[in-house]
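First up is the structure itself, then whatever we jot down about it.
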Amino acid sequence: MRHTRLSAVIAALLFGSAAFSGTAFAADPEGMAPPPPIATLLFAGDIVLDGQPGKAIEQGRDPFAAFAAILKQADIRVGNLECVVATVGEPQDKIYTFRANPRTLDVLKRHFDAVSVANNHSGDFGRDAFAEMLGLLDQHGIARFGGGHNLTEAHTPLIIERNGLRIALLGYNEFMPRSFEADADAPGTAWSEDEQVVADIRAARSVHHADLVIPVMHWGWENERQAGPRQQYLAHLMIDAGADAVLGGHPHVTQQIEQYRGKLIVYSVGNFMIDALDNEAQTVGWVVQLQLDRAGVSSWRTRVARIDADGIPRPDPAAKSPCGIRGKAEAGMCGNEN
């Protein structure tokens with residue numbers, strides 16, 4: 001019963017109710033103050049537009065279609081682009097290399113507002129391919145963070161303004177190879193040096209005047225269901241430096257969720273769209289949706305994404321997954337219905 005009540009509370013906070021609609025405020029004869037600024041941000045895990053998802057797009061299909069209604073509910077939709085999108089470059093010496101055709105970006109743009117490029121596959125085809133991807137994302141109007149044409153750009157936050165809130169997104173890779181890192185005059189990703197991460201978070205407020213700062217991390221070891229000591233240390237360091245929430249991925253499986261000093265840490269949301277699956281656990285991921293106000297995350301919920309053999313996700317409305325509200329350290333379990 002407690003989880004049912006929590007689910008109802010979170011649904012009301014995330015999606016609103018008639019009692020708190022703009023119409024209700026406008027009709028108040030005493031001129032009640034307008035509601036405080038709120039915005040919803042949805043984060044999806046690893047998205048690979050190569051392989052079978054890329055072939056689906058080539059055939060005129062939309063591999064995001066099953067999640068379209070859920071994605072549309074959020075004011076800001078963010079994912080980790082776990083591949084390079086380019087036409088140039090040579091594959092690096094790695095077990096897996098992912099390069100998607102630029103045609104895939106029209107479909108990505110339909111469902112996502114921004115992507116992190118801070119991961120261990122953005123550099124799979126070298127710096128020229130990475131630089132081409134940055135230009136293609138810009139051309140398609142898909143905002144990006146966690147990488148850039150040089151080191152300064154890679155560590156500059158993406159600022160998104162929604163509903164009166166100014167939100168800074170920072171992205172960092174912490175999984176080898178570090179050779180993909182941006183240099184002073186060379187394109188690449190942002191690497192998570194502790195001192196630099198702290199400085200970036202503080203600058204997002206003091207220099208870029210963000211109301212909220214949310215780092216998105218690519219970290220941890222593949223297939224580990226619990227975040228390791230390094231992840232936990234860095235997450236706490238970022239919250240101590242002023243981050244309002246920390247969102248993570250890379251292990252290809254979901255990991256624990258924590259409230260530290262009242263701030264949300266989602267260590268790994270797992271996969272979202274990828275056909276290079278090694279085991280059953282990798283076929284289940286989350287999308288996490290945050291309701292934000294000037295104080296941070298007021299409520300949050302996850303939804304289960306089940307990934308088929310073609311790497312395409314579908315929501316599981318029968319499943320239950322973690323959710324919570326500010327002020328409650330322990331998460332509940334909420335239904336996944338729309």
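The values are calculated or read from the model by the stated rules, or taken from the named source; none is laboratory data. None of these values were measured; they are calculated from a predicted model. Neighbour counts are summed over all protein chains in view; Cβ atoms, including those assigned to glycine, are modelled from backbone coordinates with ideal geometry.
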Could you list, in sequence order, the residues of the stretch 156-177 that are assigned to a loop (DSSP other than H, G, I, E, B) and among the polar types (S, T, N, Q)? T156, N163
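In the stretch 216-249, which residues are over 22 Å from G296 (Cβ atoms) and either small (G, A, S) or surrounded by 24 or more Cβ atoms within 10 Å (Cβ to Cβ) (or both)?
Within the stretch 216-249, the subset over 22 Å from G296 (Cβ atoms) is 218, 220-226, 228-230.
If the condition is that a residue be over 22 Å from G296 (Cβ atoms) and either small (G, A, S) or surrounded by 24 or more Cβ atoms within 10 Å (Cβ to Cβ) (or both), then H218, G220, G228 are the ones that fit.
Filter the stretch 34-47 down to the residues that are assigned to a loop (DSSP other than H, G, I, E, B) and out of contact with any helix residue (DSSP H, G or I) (no Cβ under 8 Å at 6 or more places or on another chain), then identify the one that is nearest to V287 (Cα to Cα). I'd like the intermediate steps shown before the answer.
So the first thing to find is which residues in the stretch 34-47 are assigned to a loop (DSSP other than H, G, I, E, B), and the list is 34-38.
This time we only want the ones that are out of contact with any helix residue (DSSP H, G or I) (no Cβ under 8 Å at 6 or more places or on another chain), so: 36-38.
Numbers: P36: 25, P37: 23, I38: 19 Å.
Filtering first and then ranking leaves I38.
Would you confirm whether or not the stretch 13-24 contains a residue that is among the aliphatic types (A, V, I, L, M), at pLDDT below 95, closer than 30 Å to R306 by Cβ and in a helix (DSSP H, G or I)?
Taking the stretch 13-24 and keeping what is among the aliphatic types (A, V, I, L, M), we get 13-14, 18-19, 24.
Restricting the remaining residues to those that are at pLDDT below 95 gives 13-14, 18-19, 24.
Filter again for closer than 30 Å to R306 by Cβ, leaving 13-14.
Now restrict to residues that are in a helix (DSSP H, G or I): 13-14.
The answer is yes; a qualifying residue exists.
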Which one of these does P29 not meet: (1) at pLDDT 75 or above; (2) part of a loop (DSSP other than H, G, I, E, B); (3) out of contact with any Ser or Thr (no Cβ under 9 Å at 6 or more places or on another chain)? (1)
Which of the residues belonging to the stretch 239-273 are in contact with a helix residue (DSSP H, G or I) (Cβ under 6 Å, 6 or more places away or on another chain) and closer than 19 Å to T189 by Cα? V246
